[in-house]
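Contents: one structure, followed by commentary.
The values are calculated or read from the model by the stated rules, or taken from the named source; none is laboratory data. Everything numeric here is computed off the predicted structure, so don't read it as measured data. Because the Cβ atoms are built from the backbone with ideal geometry, glycine has one as well, and the counts that use them run over all protein chains shown. Accessible surface is based on the protein model in full, side chains and every heavy atom, while ligands, DNA and RNA are left aside. Shrake-Rupley method; radii C 1.70, N 1.55, O 1.52, S 1.80 Å.
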Amino acid sequence: ISAKAIQKAYTKGEHQVRVLRGAGLSATEGEFVSVIGQSGSGKSTMLHVIGLLDSPDVGEVLYEGKRIDNLNETARDLLRNRVFGFIFQFYHLLPELSLLENVMAPQMIRHSMLGFWKQRREIRQQALQILEEVGLGHRVKHRPSELSGGELQRGAIARALITRPRVLLADEPTGNLDAETGHEIMTLLKKLNEDNQLTIIMVTHDEAVAAQAHRIVRLKEGRIEKAVIASAM
Ligand code: ADP
Ligand code: MG
C-alpha cells in the first residue's frame, strides 16, 4: 500500500489549514509501520486517506500498484470492506449489540441480507474463532458496557479481522489504555502481523509504542520524515 505526495487542506472559518503537504508513506506486504507526530500533525488524516475514508486534494493512493483513490464510490466501498481493517482509539463498538454481534456486523454489510442469512452459521463460527484468537472466547455474549478497555480494543480488532483484511490501519490503538494493557494490545498486533503477514500501519504519539513496529516514520509539517528511531522489534 502506498500513498504518494498527499496534500490535504481543511477550511476553518476563513482560514485554510494545510494539514498534509506532500506526505508519502508506503508499507510492503507484511510490514508493520508506525507513524508518530504531534497532536494535530495530520496522522489521522493520513490514515483516513490511505484507507479511503477521505480523499486527498492532491496525490495518489496505490494498492498492489494500482491507483485506488480515484475509483468510483462503489469500488471504494468494496475496497474499504475487502482490503482494509480499521481500529481506533475509542473502539467504536455498537453499544446495543453483543460482542459476537459486533464482530459479525461487517459480514452483514458485505453480504446482502439474504446472503448473510444463508451463511449465518458459518459467519458466526468465524466470529467465535476470531474472538477466541484475540482472547475473548469467554466474553462473546457481553455488551460493550460490560467490558474493560483492553477487552473493547480486542473486540474492535476481532471486528476488523472478520473480513480478512490485508492492511490493518490502527489510529492510536493504545491511546486510551494504561501502559500494561497497551502492551498486551501491541503484543496481539505483533502476533497478527507475524502469523498472518498482515500489513499494519499504526498511528501513535507514544514513541515507546511506535518502537514495537518494524519501522517508524514521523509526520512533521505535513510531510513524512524517514525512520527516526531504531525499532525494538
Ligand atoms: P492528528 O491525528 O495528528 O492529531 P488530525 O489528522 O486529526 O491530526 O488533524 C490535523 C489537523 O486537521 C488538525 O488541525 C485538525 O483540527 C484538522 N482537521 C482534521 N479533520 C478535519 C475536518 N474534518 N475538518 C476540519 N479540520 C479538520
Ligand atoms: Mg488523530
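Which one, Ser148, Ser55, Ser112, has the greatest fluctuation when you compute a Gaussian network model over the chain with C-alpha springs under 10 angstrom?
Fluctuation is largest for Ser112.
May I ask you to list the GluC sites (Glu not before Pro) in region 46-133 that are in a DSSP loop and have at most 14 other Cβ atoms within 10 Å of their Cβ?
Answer in residue order: Glu64, Glu96.
I want to check a number: in region 1-119, how many lysine pairs have alpha carbons closer than 23 Å, given a sequence separation of 8 or more or different chains?
5
Among bridges DSSP assigns within the chain, what percent are antiparallel (round to 5)?
Rounded to the nearest five, the antiparallel share is 50 percent.
Under the definition of Cα pairs under 8 Å and six or more residues apart, what whole-number percent is the relative contact order of region 150-233?
24 percent
Can you send over the carbon and sulfur percentage of the accessible area for the chain, probe radius 1.4 Å, protein chains only?
C and S fraction of accessible area: 49 percent.
Using the heavy atoms of the protein chains alone and a 1.4 angstrom probe, what is the accessible area of region 105-226 per residue in square angstrom?
On a per-residue basis, 51 Å².
Distance between the C-alpha centers of region 154-220 and region 3-78? Whole Å please.
18 Å
Given a Förster distance of 22 Å, report the FRET efficiency between Leu71 and Leu114 from their Cβ-Cβ distance, rounded to the nearest 0.05.
With R0 = 22 Å, the Cβ-Cβ based efficiency is 0.25.
Hey, got a sec? Which chymotrypsin sites (Phe, Trp or Tyr not before Pro) in region 31-132 land in a DSSP loop and have at most 13 other Cβ atoms within 10 Å?
Counting only loop positions with at most 13 other Cβ atoms within 10 Å, the chymotrypsin sites (Phe, Trp or Tyr not before Pro) in region 31-132 are Phe90.
What FRET efficiency comes out for the pair Arg143/Gln197, r = Cβ-Cβ distance, R0 = 25 Å, nearest 0.05?
Approximately 0.15, to the nearest 0.05.
Does region 39-186 come out rounded, prolate or oblate by the C-alpha gyration tensor, with a ≥ b ≥ c the root eigenvalues, rounded set by a/c under 1.5 and, if not, prolate when a/b is larger than b/c and oblate if not?
Oblate.
What is the magnitude of the charge dipole of the chain about its Cα centre, with +1 placed on the Cβ of each Lys and Arg, -1 on the Cβ of each Asp and Glu, and no other charges, expressed in debye to the nearest 20?
Here the size comes out at about 600 debye.
Below 16 Å, Cα to Cα, which aspartates and glutamates can Lys191 reach? Residues fewer than 8 away in the same chain don't count.
Straight-distance partners of Lys191: Glu29, Glu31, Glu132, Glu133.
Quick check on region 137-233: take the gyration tensor over C-alpha atoms, sort the square-rooted eigenvalues as a ≥ b ≥ c, and tell me if it's rounded (a/c under 1.5), prolate or oblate.
Because a/c hits 1.5 or more and a/b exceeds b/c, region 137-233 counts as prolate.
Per residue of the chain, what 222 nm ellipticity follows from adding -39500 (n - 2.57) for every DSSP H run with n ≥ 4, rounded to the nearest 500?
-11000 deg cm²/dmol
Taking the Cα centre of region 1-130 as origin and charging only Cβ (+1 Lys, Arg; -1 Asp, Glu), how large is the dipole, in debye to the nearest 20?
Roughly 120 debye, rounded to the nearest 20.
Which residue fluctuates most in the GNM of the chain (Cα springs below 10 Å): Arg159, Arg120, Arg21?
Of Arg159, Arg120, Arg21, the most mobile in the Gaussian network model is Arg120.
Once the piece of chain linking Asp206 and Glu132 is laid out straight, how much longer is it, given 0.36 nm per residue of separation minus the C-alpha distance between them?
Gain in length upon complete extension: 23.8 nm.
With both bridge residues required to lie in region 103-233, what share of the DSSP beta bridges run antiparallel, to the nearest 5%?
Given both bridge residues lie in region 103-233, the antiparallel proportion sits at roughly 40 percent.
Give me the accessible area of Val33, 1.4 Å probe, in Å² rounded to the nearest 10.
Probe radius 1.4 Å; accessible area of Val33 about 0 Å².
If amide hydrogens are placed 1.01 Å from N in the peptide plane, which non-local residues have theirs closer than 5 Å to the one on Phe32?
HN-HN under 5 Å from Phe32: Ile200, His214, Arg215.
About the Cα centre of region 128-207, what is the dipole size in debye to 20, counting +1 per Lys and Arg Cβ and -1 per Asp and Glu Cβ, all else neutral?
For region 128-207, the charge dipole is close to 500 debye.
With unit charges on the beta carbon (Lys/Arg positive, Asp/Glu negative), name the residue among Leu78, Tyr63, Leu53 whose Cα is farthest towards the positive pole of the charge dipole of region 1-89.
With unit charges placed on the Cβ atoms, the residue in question is Leu53.
Contact order normalised by length for the chain, with contacts defined as Cα pairs under 8 Å and 6 or more residues apart; what percent is it?
30 percent
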